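The values are calculated or read from the model by the stated rules, or taken from the named source; none is laboratory data. Given the structure is predicted, the values throughout are model-derived calculations rather than measurements. All Cβ positions, even for glycine, are placed from backbone atoms using ideal geometry, and neighbour counts span all protein chains on display. Just so you know, the surface numbers come from the protein's heavy atoms only, side chains and all, with ligands and any DNA or RNA stripped out. Shrake-Rupley method; radii C 1.70, N 1.55, O 1.52, S 1.80 Å.
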Amino acid sequence: MSARAGAGTIEAATERLVALLVQLVDMPCVTGDEDRIAGWLVDRYSARGEQVQRVGNSVVVGDRTDDRPVVLLVGHTDVVPPTDGDLPARVDGDRVYGRGTSDMKAGLTVAMDVFEDPALRNGPVQLQLVAYAGEEGPHAGNELAPLLDARPQLTDAALGVVLEPTDLDVQLGCLGGLHARITVLGRAAHSARPWEGDNALTAAAQLLRALGSQTPGERMVDGLMFRDVLSATQAWTDNAHNIVPDRFTVNVNYRFAPDRTLTQAEAELRATIERLADTEVSVAVVDRAPPAPPYRDNPQVRQMIAAAGGRVAAKQAWTDVARLAEVGVPALNYGPGLTGQAHQSGEYVPVANLERARSVLAGFLSTGAPGRSR
């Protein structure tokens, strides 16, 4: 298939999906620069007579109009910065290439195409499209929470489907996450007389080795395997190059299964660092993201798993199913993107995944998600 041109052998629905994906990928929207795509979404759906609300650079389309259960189709609009060759989008064979194709413009494409289907809109459920900004940046900059605050009726939804890349599996729940700054303390000195100080950088060696040797901790939650992981992700000193540093800081990221609270996980993290460190350290937690339960016994979730052919797994990452869970909305992850392609140079998504995800989601919505009991 050549870029931007649909081949004659491609079915109309597939050609429509590919064309929309290419259009979305070619719209610059690195985190913090989502104004253009938000405006485009408002214009697109206002012209179609839809109920549209914009909050910041995030958009909700559709509204509750009757007693049918509401399903939210949820996707973020932002992407990580592209590398050389990631833009513009191109179609090559059975793949669409470009920044955000898997994470998660493909999911947004499917959500939009399903939402715009009159048969599904008139079916047994009501659909609302939620396209929000800031997912790829810091937790505090994610706009889904302010959007939910501004549109509290969204919390009455029977189910949220977050179309993150899942390799076409229904991925349930998500890990919680903590970022902590671990500072190893020493005493500064001139580098010509290092014996007058205590080098915090070299004192950190044992802690760094211990962090590097941590193995995942397996946790079963609702019959799904999650893995706790502790990783050193950044390190720095703030001194000049001719000074023995009096402090050396490591950013540690702790991802934990959804069988503990943030408070419990933070206590675990502090205890682990205390056990691993062989020198004086301070621990400051600088970012917190709660986990989400799998909701495996929820009737809507069971129905979606059945529509996907029984393909179900734990979500070994953090996603915004956690923000939905915080406001009482059961949610799951399901999307056409490839998890292994997220944030990769040369990112792509198979065209067949667009077709399959669209078919599965339409099948689920056509059967009618069971009403939510409150």
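With a Förster radius of 35 Å applied to the beta-carbon distance between Glu11 and Thr233, the computed FRET efficiency rounds to 0.20. The candidate values are (1) 20.2, 59; (2) 24.6, 88; (3) 23.0, 78; the one derived from this structure for Rg and Dmax of the Cα atoms in Å carries the label (3).
Specify the inter-centroid distance of the range 92-171 and the range 272-327, based on alpha-carbon positions, in whole Å. Their Cα centres are 18 Å away from one another. Taking every C-alpha pair closer than 8 Å and separated by at least 6 residues, the mean separation divided by the residue count of the range 1-120 gives a relative contact order of 32 percent.
The accessible area of Ser191, taken with all protein chains in place and a 1.4 Å probe, comes to roughly 60 Å².
For the chain, DSSP calls about 75 percent of its internal beta bridges antiparallel. For the range 22-158, what does the accessible surface come to per residue with a 1.4 Å probe? Please give it in Å². Ligands and nucleic acids excluded, the figure is 37 Å² per residue.
What does the C-alpha gyration tensor say about the overall shape of the range 270-374? Classify as rounded when a/c is under 1.5, otherwise prolate if a/b is larger than b/c, or oblate.
Oblate, since a/c reaches 1.5 and b/c is not below a/b.
Taking amide hydrogens as placed 1.01 Å from N in the peptide plane, the amide H of Val96 sits under 5 Å from those of Val349, Val351, each at least 5 positions away in sequence or on another chain.
Legend: residues Tyr334, Tyr348, Tyr295, sorted from most to least accessible area (1.4 Å probe; ligands, DNA and RNA excluded), read Tyr295, Tyr348, Tyr334.
Each label point was placed 7 Å from the Cα along the Cα-to-Cβ direction; for Asp287 and Ala192 their separation is 4.1 nm.
Can you give the local net charge around Gly340? Use residues other than it whose beta-carbon is closer than 15 angstrom to its beta-carbon, Lys and Arg +1, Asp and Glu -1. Charge balance near Gly340 sits at -3. Could you check how much of the accessible area of the chain is carbon and sulfur, as a whole percent, using a 1.4 Å probe? Looking at the chain in its full context, I get 48 percent from C and S. Once you order the gyration tensor axes a ≥ b ≥ c over the Cα atoms, which shape class does the range 212-273 get: rounded for a/c under 1.5, otherwise prolate or oblate by comparing a/b with b/c? It comes out prolate by the Cα gyration axes.
With a/c under 1.5 counting as rounded, go ahead and sort the range 182-311 into rounded, prolate or oblate using the C-alpha gyration tensor (a ≥ b ≥ c being the square roots of the eigenvalues; past the cut-off, prolate if a/b is larger than b/c, else oblate).
prolate
Using a probe of 1.4 Å on the protein chains alone, the accessible area found for Leu163 is around 0 Å².
Compared with the alpha-carbon gap, the fully stretched path from Asp278 to Asp63 is longer by 71.7 nm at 0.36 nm per residue.
Ranking Asp26, Asp92 from most to least accessible surface, computed with a 1.4 Å probe over the protein chains only, gives Asp92, Asp26.
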